[in-house]
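Quick note: the coordinates plus some simple rules give every number you see, no bench work behind them. Everything numeric in this text was worked out from a predicted model, so none of it was measured. Note: ideal-geometry Cβ built from the backbone for every residue, glycine included; neighbour counts use all protein chains shown.
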Amino acid sequence: MDTPHKFTLVRDASEHSGTAVPAQKAPLIREAYGHVLREVRRDQDRTLGDVAAEVGMSKQYLSEVERGKKEPSSEILRSICDALGMPLEHLLFRSGNKIVALNSISFGHTPQPISGPVLMAA
């Protein structure tokens, strides 16, 4: 079984050197979704092929979704969540918390995890 991947904080040298560098990009939603899906699949000791077959997609496509390379439709996300026995709301909640945490690290803010009822708008 593969070892789980963790996000690593990488600080640029410009913080101490005084030189300007381009602003760090905020994480993409598809990257957060993919990371959560991969965590859940690995926690269940399931393979890409197993989950992909249950969903009806190629394991290559599922791998790209998990790596944040593809932007899956809401129908595909729901199908993957169903195959993993995870409510879609769980995926949204965990992904939102990952984005909050990563933005906090990237931009120097104190993380404020989402708790309680949340209204999400697009």
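Details
- Modelled spin-label separation between GLN60 and ASN103, with each label point placed 7 Å from Cα along the Cα-to-Cβ direction: 3.5 nm.
- Treating each Cα of region 27-107 as one equal point scatterer and applying the Debye formula with no solvent, the log10 of I(q)/I(0) at q = 0.13, 0.16, 0.19, 0.21 Å⁻¹ comes out as -0.35, -0.53, -0.74, -0.89.
- Per-residue extension of 0.36 nm, minus the Cα-Cα distance of ARG67 and ASP50, leaves a gain of 4.4 nm for this segment.
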